[in-house]
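The values are calculated or read from the model by the stated rules, or taken from the named source; none is laboratory data. All of these numbers come straight from a predicted model, not from anything done at the bench. Note that we place each Cβ from the backbone using ideal geometry, even for glycine, and neighbour counts take in every protein chain shown.
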């Protein structure tokens, strides 16, 4: 019998896009199910560690405007990832470090001052129903909890201890990138592009497009010219794939990407570089380099 959560978070202000995320659900691409999970996985893991959770516990991922929630029991929380103002019932508290939120108090993570996505971890984690082993929201497939709305209630797990680990203290959080550098392995369809296009990809200055989302980081910059113009049958896509749609501007697939696609993939970004991509605000200078 699955235990029923006794305590909840009440959503006071959902923000522009706030979702529940954990380590995701890798390993189901053959079923057409994407990975999902926190875009800035290191930030989510660090926030969990600071409140004494397992690294894969479910957290809240905000986008640009933050969010505000009210727990119905006392909880230790951390707001990390993108830098922002944090308050409890209007009183400023520490960002990036454990804070104690009394029952009924409002924890407010304000708009991002640096970076794009903040992560809110709570002692005990969030425990909505898991789908295929994960509590992550997948915006493309609709699996997992829906993006937050005002008035939602999110079940809280029971903490393993009464507070954060005894060693918890100030820790260095990576800053938002002033320039995003993405190392690339060429292929599998780089031969569908001209030699000039491949040079452009690895030498030109691009910028992060405001049309980016959890599905893909879109770019603004010079288009890549194809050497082959025929249709490509749909084929499997992986995290970090650089797909080139008809406008010629590269799109880097992120966690909610489709598992198949019919546009050629000119290269694949190393997964370790994608956490920085999660924090790159629109307009950030972007360079692709050979891995």
Would you check which residues across the range 64-91 are surrounded by fewer than 22 Cβ atoms within 10 Å (Cβ to Cβ) and either in contact with a strand residue (DSSP E or B) (Cβ under 7 Å, 6 or more places away or on another chain) or not assigned by TED's automatic domain parsing to the domain that holds residue 13 (or both) and list them? 64, 65, 68, 70, 72, 73, 74, 83, 85, 87, 88
Would you mind stating whether residue 143 is assigned to a loop (DSSP other than H, G, I, E, B) and modelled with pLDDT of 95 or more? yes
Out of the residues in the range 103-149 that are farther than 16 Å from residue 81 by Cβ and either without any contact (Cβ under 8 Å) to a residue 40 or more places away in the chain or not assigned by TED's automatic domain parsing to the domain that holds residue 67 (or both), state the one that is surrounded by the most Cβ atoms within 10 Å (Cβ to Cβ). 105
Among (1) buried (at least 24 other Cβ atoms within 10 Å of the Cβ); (2) more than 25 Å from residue 279 (Cβ to Cβ), where does residue 29 come up short? (1)
Has the range 158-170 got any residue that is surrounded by 16 or more Cβ atoms within 10 Å (Cβ to Cβ) and either at pLDDT 95 or above or within 26 Å of residue 65 (Cβ to Cβ) (or both)? no
Could you list, ordered by first residue, the pairs with Cβ atoms under 9 Å in which the first is in the range 272-291 and at positive phi and modelled with pLDDT of 95 or more and the second is surrounded by fewer than 18 Cβ atoms within 10 Å (Cβ to Cβ) and in a strand (DSSP E or B), at least 6 apart or interchain? 283/207; 283/220
